[in-house]
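Everything below concerns the one structure shown next.
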Amino acid sequence: MTQGSLTWPIHIRIGRALCLSACIALILLASLLHFTPTFRAPVSFAIKDRSGVLLGASVAEDGQWRLTSSTGELSQKYIAALIAFEDKRFYLHPGFDPLALFRALYLNIKSKGIVSGGSTITMQTVRLARKNPKRTIKEKIHEIILSCLLEIRYSKKEILSLYSSYAPFGGNFVGLEAASWRYWNRPPTDLTWAEAATLAVLPNQPSLVHPGANRDILETKRNILLNTLMQLGHLNSSELVRAKSEPLPEKYWSLPRLAPHYLERLKKQTRTNEKSPFIITTIDRNLQKKLVHTLESWSARFSDRNIFNAAGIILDTASGEILAYAGNTGEGRSNGKNQDVDIVTSLRSSGSLLKPFLYAALLDSGLMLPEQLIADIPTRIGSYRPENNLPVFLGAVPANEALSRSLNIPAVRELRLYGISPFLAILQKAGFSTFTRSADEYGLPLILGGGEITLEEVTRSYAELMNRALEVSTDNPKKKILKKQNLQSSPFSVGAAWLTLEALLKGNRPEEEALWQSFASGRKIAWKTGTSQGNRDAWAIGTTPAYTIGIWIGNATGEGRPELKSITTAAPPLFELFSALPRTEWPYIPEVELRQITVCAYSGYVAGQDCEQTKQSLTPVTAPLTEPCPYCRSVSLSPDGLFQASAQDLKSQHGSMPLIQKRFVLPPVIEYWYIRQHIGYERLPPWLPGSSAALAETELTIAFPESGSKIYIPIELDGNLGELILEATHRDSAEIIYWDIDGEFVGETKVYHHIAVRPERGFHTVTVTDTRGNRSSRRFEILSD
């Protein structure tokens, strides 16, 4: 005993000794009972944003909204109000307060009834754990014993947290957090003094709060507590006046439902228990609200066109953390449909979203250069005939432009060049887990939406493409070094990733995309849209070094709509969201990951000896070079340049020498379409009359069928065999072409060389001939009869 304690009055020293002895005795007694109070009431599963603010919750198994809290989330104003109202000596007693018990006993005897229980916050916490048993002297003694044990097992802060989590606040709302959202629609940490005082008095009589009932009683109790808080120094006089002037809640609020689909998803993935009944997510509350508001707004507009659903996800590009997640729209809207379906994780047709990954793979393989011409002509491969989004053919188009314009025919030709099986392997490495069928089952339509993806996986894969491009080599001190956390191991080189993003950033877009192209150029966004077959899914994905956003618009039922086009439905919300985000720097050119090569200025292939004009282009440093330009060649012309002629022709007919020029010459089938879009293209002149050097294949070409094609012709509705449309091209538009199949004449064509035939099942040879005697033949097989 210290010198100071010897100066205390004898009755105080005796009282403290008795209390200490009683506590020790009670603890020993409780240990003999082998009983520790625990909370076994089911709790609500809840998710919170990255700062700990509630995003949503589900009702507990017993129908109660019971949200538990950690001590760090408690409102300090509420703690001060609770202690001032319920247990002024909370931090001094060991679980029970002898003075409060004696005072309660005195009051109860005086009033000949129970008017005070003398319970501490710790004792009330024990009562909550024991589901409020009937109050008896025996039960009170039991509460005191268990309160002492609770004080030993938990800290004072933890006891406050337990009480705040399980105290009733009226109706089926249990716990401070549920009450704070119910009455004031905000977290406990944002409560005012008046609101904190109201909630502090509520568990004492939770039936007091009800819009329109017992408000005067509640207000009186609140104001008395506010007076006490001022006396304790928590408020000054002016703050007290403002607090008393605050009205009581007028209505009940619903708990937040900012991310209901994400809540259900995490609930299925998480095993809820008493210690961790909620999850702190990576969601940014402000971004979440912006995403939900944007999608709901656009979805409401689209519902007039019978397009009822939308979904979106926003990722932190570097870490892959989910910053915002909207699984669907239409909740609470009268015309909302299938809003319970979480589209973010649902399998949907990919549309054109896989094209950038094929482009990057081709660059790395050396099979293609960024500006290399890819044929864009009417194409049939077997029974498969892909079509572009618009009924326009460019003849040939640079690969990067084909990507930015999302042309289908070049993409199909590129996939045939790369191979379906290797591409499926690349997709798996890029983060796609949904391609589980064989290459033969997918076929070439894979690149146009023949496979299914999820919104989350495709958005993550675009984010990883950006991350890969951001891996700038440390060998170049002049460039900013950006260290990014990979989402998964990328199958692409840094150079290929950067070139792909550049194509998505700067490439030419169709006219209907001009507005969005302008916006994207100003904001530095690599973006891609896609619409699935039958207009069932509209996609838009955009990525920057900071954020990657994925948007899906459509019907959860899979019903297609003619108005469902990505550029008019998915792109607008994508760019509205990016407009609300801060601008970010674009990745620096990874110079050590790229090399400059000399290419043909016309074809984009590696420059050959006959390429008259060249330029510099970039390719991944590890990619092998493609073949030299196949379209540039030296051409022998008559001295006036009006005819093609060999030296022998000119010597025998005119006694002169030919004019040799380096010319860019496309095959007739490509040239036929290319010249319509490129006025400056210079066609070769006709051959000198009587020339012995004229070659049939340079004048006349069969466009369809391709050599060795296997073609399936379906049966029409009337039961007859359908028609097969044969196509040919000729450099001279005035020429007549004569057609025969297996030696039997079937017709002639002028200008547009298309002819319909009905060949029987089996192998056939089609032959075309012009008036000059030029001929071309193809062998093909019909698989149906």
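Within the accessible area of segment 211-334, what % is carbon and sulfur when the probe is 1.4 Å and the other protein chains stay in place?
Numbers: 3120 of 6300 Å².
Here carbon and sulfur together make up 49 percent of the probe-accessible area.
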Exercise for the section: Go through W739, W193 and list them by solvent-accessible area, largest first, probe radius 1.4 Å. Expected result: W193, W739
Handout entry: Amide H partners (placed H, <5 Å) of G747, local residues excluded
Key = W739
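So for E250, E264, E401, what's the accessible-area order with a 1.4 Å probe, most first? Write down the numbers at each step before the final one.
Details: E250 130, E264 80, E401 45 Å².
Descending order: E250, E264, E401.
Would you mind getting me the FRET efficiency between R153 and E246? Use the beta-carbon distance for r and R0 = 45 Å, nearest 0.05.
On the way: r = 38 Å, r/R0 = 0.84.
E between R153 and E246, to the nearest 0.05, is 0.75.
Take the residue pairs K290/K337; K88/K156; K131/K267 and return only those whose Cα atoms are more than 18 Å apart. Present the calculation step by step, with values, prior to reporting the outcome.
Values: K290/K337 22 Å; K88/K156 13 Å; K131/K267 26 Å.
Too far apart for the 18 Å limit: K290/K337; K131/K267.
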Practice task
Report the FRET efficiency, 1/(1 + (r/R0)^6), for R89 and I137, where r is their Cβ-Cβ distance and R0 is 25 Å, rounded to 0.05.
Solution key: 0.65
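What does the charge add up to near A580, with Lys and Arg as +1, Asp and Glu as -1, over the other residues with Cβ less than 13 Å from its Cβ? All intermediate terms of the calculation are to be shown ahead of the outcome.
Values: positive: K289, K290, R523, R583; negative: D284, E576.
That sum, taken over residues with Cβ under 13 Å, equals +2.
Of the listed pairs K77/K244; K289/K506; K77/K289; K221/K244; K157/K251; K355/K528, which have alpha-carbon separations greater than 21 Å here?
Details: K77/K244 15 Å; K289/K506 31 Å; K77/K289 27 Å; K221/K244 11 Å; K157/K251 31 Å; K355/K528 9 Å.
From K77/K244; K289/K506; K77/K289; K221/K244; K157/K251; K355/K528, over 21 Å: K289/K506; K77/K289; K157/K251.
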Problem - Eligible aspartates and glutamates near K140 by straight Cα distance, threshold 19 Å, same-chain separation 8 or greater - result: E86, D87, D97, E151
Problem - Partner aspartates and glutamates for K651 [C-alpha distance under 18 Å; skip if fewer than 8 residues away on the same chain] - result: D640
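Can you tell me the FRET efficiency between S707 and N338 if r is taken as the Cβ-Cβ distance and R0 is 41 Å, rounded to the nearest 0.05? Intermediate results must be reported in sequence, preceding the final value.
On the way: r = 48 Å, r/R0 = 1.18.
That gives a FRET efficiency of 0.25.
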Completion exercise
Going residue by residue through segment 124-133, the Karplus relation 6.51 cos²θ - 1.76 cosθ + 1.60 with θ = phi - 60° gives ³J(HN,Hα) values, rounded to whole Hz and with x marking Gly or Pro, of 5, 5, 5, 4, 5, 5, 9, 6, 6, x
Handout entry: Heavy-atom SASA rank of Y252, Y359 (probe 1.4 Å, accessible area, largest first)
Key = Y252, Y359
Completion exercise
Spelling it out for T120: with amide H atoms placed in the peptide plane at 1.01 Å from N, the residues 5 or more places away or on another chain with amide H under 5 Å from its amide H are D97
Practice task
For K48, go through the aspartates and glutamates and keep the ones whose alpha-carbon is under 17 Å away, minus same-chain ones fewer than eight residues off.
Solution key: E73, E177, D190, E264, E274, D284, E321
Exercise for the section: Roll a 1.4 Å probe over the protein heavy atoms and report the accessible area of H234 in Å², nearest 10. Expected result: 80 Å²
Handout entry: Accessible area of L684 in the full protein assembly, 1.4 Å probe (Å², nearest 10)
Key = 20 Å²
Handout entry: Using θ = phi - 60° and Karplus 6.51 cos²θ - 1.76 cosθ + 1.60, couplings along segment 178-192 (whole Hz; Gly, Pro as x)
Key = 4, 5, 4, 6, 5, 8, 10, 6, 7, x, x, 5, 9, 5, 7
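Quick one: net charge of R561's neighbours, Cβ under 10 Å, K/R +1, D/E -1?
Working: positive: R305, R536, K565; negative: E559, E563.
Residues near R561 contribute +1 overall.
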Practice task
Taking amide H positions as placed in the peptide plane 1.01 Å from N, state which residues far from C632 in sequence (5 or more) or on other chains have amide H under 5 Å from it.
Solution key: V665
Fill in the blank from the handout: With label points set 7 Å from each Cα along the Cα-to-Cβ direction at Q648 and K268, the distance between them in nm comes to 7.5 nm
Fill in the blank from the handout: With all protein chains in place and a 1.4 Å probe, M657 shows an accessible area in Å² (nearest 10) of 140 Å²
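The values are calculated or read from the model by the stated rules, or taken from the named source; none is laboratory data. As the structure is a computational prediction, the values presented were derived from the model and not from experiment. Neighbour counts are summed over all protein chains in view; Cβ atoms, including those assigned to glycine, are modelled from backbone coordinates with ideal geometry. What goes into the accessible areas is simple: the full protein's heavy atoms, side chains included, and nothing from ligands, DNA or RNA. Shrake-Rupley method; radii C 1.70, N 1.55, O 1.52, S 1.80 Å.
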